[in-house]
């Protein structure tokens, strides 16, 4: 079960996989349950076995500014809080009921001390920072939607359009226009 999450980050020996199994914790979260509250320090990285999770800040009591969204077979972390060990400025919430693997910072340090292979877990952190720059600075709304449609269609199936729009840093109205244009382009090709 947890070896799938480990394989995503690199190549490991059987001994490494067994060591990892001993350090990882299986957790279940209910829909809307917080995995990380604003003001808490991120002390773990997570892998989703089942379900969907999102990271956000609050614009108001009712409106979320979505930072990132995650579905099954993905690692996620609040990178800034985890690396600095400072209080988080975002929330991480279960969008659906979730089965999640959790690896604490202490376990990561222990694993790296046991085998340098575990340095490959750094890929979790690389992925957590590259999306923000990529989406926020380099792509048009149509390119953002096309990227999600082609590389992570499960996001479009798991999350409502309002969350997708916030994640893409566009309004729901812009997302509607982008989806229409995307459909026209794909019908004509």
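When you go through 55, 114 one by one, which is the residue that is surrounded by fewer than 20 Cβ atoms within 10 Å (Cβ to Cβ) and at pLDDT 90 or above?
Residue meeting the stated conditions: 114.
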* To do: Specify the residue that is surrounded by the fewest Cβ atoms within 10 Å (Cβ to Cβ); the eligible residues are those in region 62-72 that are touching a helix residue (DSSP H, G or I) at 6+ places or on another chain (Cβ under 8 Å) and under 18 Å from residue 31 (Cα atoms).
  => 72
* Within region 14-28, identify whether any single residue is surrounded by 14 or more Cβ atoms within 10 Å (Cβ to Cβ), under 30 Å from residue 144 (Cβ atoms) and out of contact with any helix residue (DSSP H, G or I) (no Cβ under 8 Å at 6 or more places or on another chain), and answer yes or no. => no
* Can you find even one residue in region 90-99 that is out of contact with any helix residue (DSSP H, G or I) (no Cβ under 8 Å at 6 or more places or on another chain), modelled with pLDDT of 95 or more, assigned to a loop (DSSP other than H, G, I, E, B) and over 25 Å from residue 170 (Cβ atoms)? -> yes
* Asked: Does residue 76 fit the bill of being at pLDDT below 95, surrounded by 13 or more Cβ atoms within 10 Å (Cβ to Cβ) and in the same structural domain as residue 120 (by TED's automatic domain parsing)?
  -> yes
* Complete set of residues in region 167-176 that are farther than 18 Å from residue 96 by Cα and touching a residue at least 24 places away in the same chain (Cβ under 8 Å) -> 168, 169, 170, 174, 175
* Regarding residue 11, is this residue touching a helix residue (DSSP H, G or I) at 6+ places or on another chain (Cβ under 8 Å) and in contact (Cβ under 8 Å) with a residue 60 or more places away in the chain? -> yes
* Asked: Is at least one residue of region 80-88 closer than 14 Å to residue 34 by Cα, at pLDDT 95 or above and either over 14 Å from the mean Cα position of the chain (by Cα) or surrounded by fewer than 16 Cβ atoms within 10 Å (Cβ to Cβ) (or both)?
  -> yes
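The values are calculated or read from the model by the stated rules, or taken from the named source; none is laboratory data. Computed from a predicted model, the values in this text were never measured in an experiment. Counting neighbours? That spans all protein chains shown, and the Cβs are built from the backbone with ideal geometry, glycine included.
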